[in-house]
Amino acid sequence: MTNNKFYSILIVLTMATFLFSERGSFSVGNIKYDYNNVEFSFSERDVSMKFDIGKVQFSTANTGFEFIDDGPYESVSMKIGPSKVLLQNIDYEVTYRDYYNDYSTNHAKFNLGTFRFDLNEFEVDFAEKPGPDIPEIHSLNTKLTANNIVLDLSGVIFDRYTEERLRQLGNVDRELKLNRATISANYSSNQFKFLVDGMTSLGNIKINFMASINEYNPELSVCQSAMVTISNLSSEAQSLINLVQAENPSMIIPMVNGSITFDLKDIINAQIQRGEFDF
């Protein structure tokens, strides 16, 4: 029996279990898919595109969920073990030819070196009961990494307003680069942490957020840290900020020596207390 037939039968049996019984469960010991050298191309009179993927990989282990219909209420438990999505060496090109207006040609390219998403642990319970339906998250541990991402717009002609803005900024590089980026989120024992660390052609960014979460009374949650730092701003980014400030004198952007820092802890805590901030 092929793998596709096996998985199809497994899905049908799982759905039948949920439809005709008061208890059902589904679990996966280990699944892994791996594809290499995927190519796609398309062309017509106005548009042509090419899309190549060097590697696509998906895997998960020790994953499953359980459904229980116990009288007037239902409950669902879900647990995801070590899981991964990996993309490598993606190249995308598109060309558009405007035969109806100015006969212009626009060409854009996108390249991605590596994109990886790891979900190391996720466990949640959801139970119907009197009062608000609030899922109970026991654990979350996830991380996203990416590097060598390039968006090349040097062959794109923008609308007149955008082109004028770009000319005001001087010799702007229309190639945007993400050298590296890491995003992680962790939740355990009512402590939530969210971190961002990225380096781009326009500047670097770091975000550090940490909070104590009260799942049953969210307005009693407390933000312990919420710091955003943008540093090593390129000359193009600094020129753009200066232009925005010149046109909006009331807007204050605290830029010092090419860096901007925002401390949002007090603002977020005030919103939490007013019930305006959703986790």
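The values are calculated or read from the model by the stated rules, or taken from the named source; none is laboratory data. None of the values given here were measured: they were computed from a predicted structure. FYI the Cβ positions are ideal-geometry reconstructions off the backbone, even for glycines, and counts take in every protein chain you see.
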Query raised in the report: What do you reckon, is Thr200 under 17 Å from the mean Cα position of the chain (by Cα), surrounded by 15 or more Cβ atoms within 10 Å (Cβ to Cβ) and closer than 26 Å to Ser239 by Cα?
Result: yes
**Report entry** Selection from region 81-128 of residues that are on the phi > 0 side of the Ramachandran plot and among the hydroxyl-bearing types (Ser, Thr, Tyr)
**Finding:** Tyr103
Report summary line: Considering residues that are under 19 Å from Ser201 (Cβ atoms) and out of contact with any strand residue (DSSP E or B) (no Cβ under 9 Å at 6 or more places or on another chain), the number found within region 258-279 is 0
Query raised in the report: Within region 145-180, how many residues turn out to be assigned to a strand (DSSP E or B) and either closer than 20 Å to Lys109 by Cα or without any contact (Cβ under 8 Å) to a residue 24 or more places away in the chain (or both)?
Result: 16
Report task. Go through Arg160, Arg116, Arg174, Arg167 for me and flag whichever is modelled with pLDDT of 95 or more, more than 20 Å from Val47 (Cβ to Cβ) and charged (D, E, K, R). Result -> Arg116
Requested in this report: Would you mention how many residues in region 224-277 are more than 19 Å from Leu169 (Cα to Cα) and part of a helix (DSSP H, G or I)?
Outcome: 9
Query raised in the report: All but one of (1) of a type in the set (A, V, I, L, M, F, W, C); (2) modelled with pLDDT of 90 or more; (3) closer than 26 Å to Asn186 by Cβ hold for Ile134; which doesn't?
Result: (2)
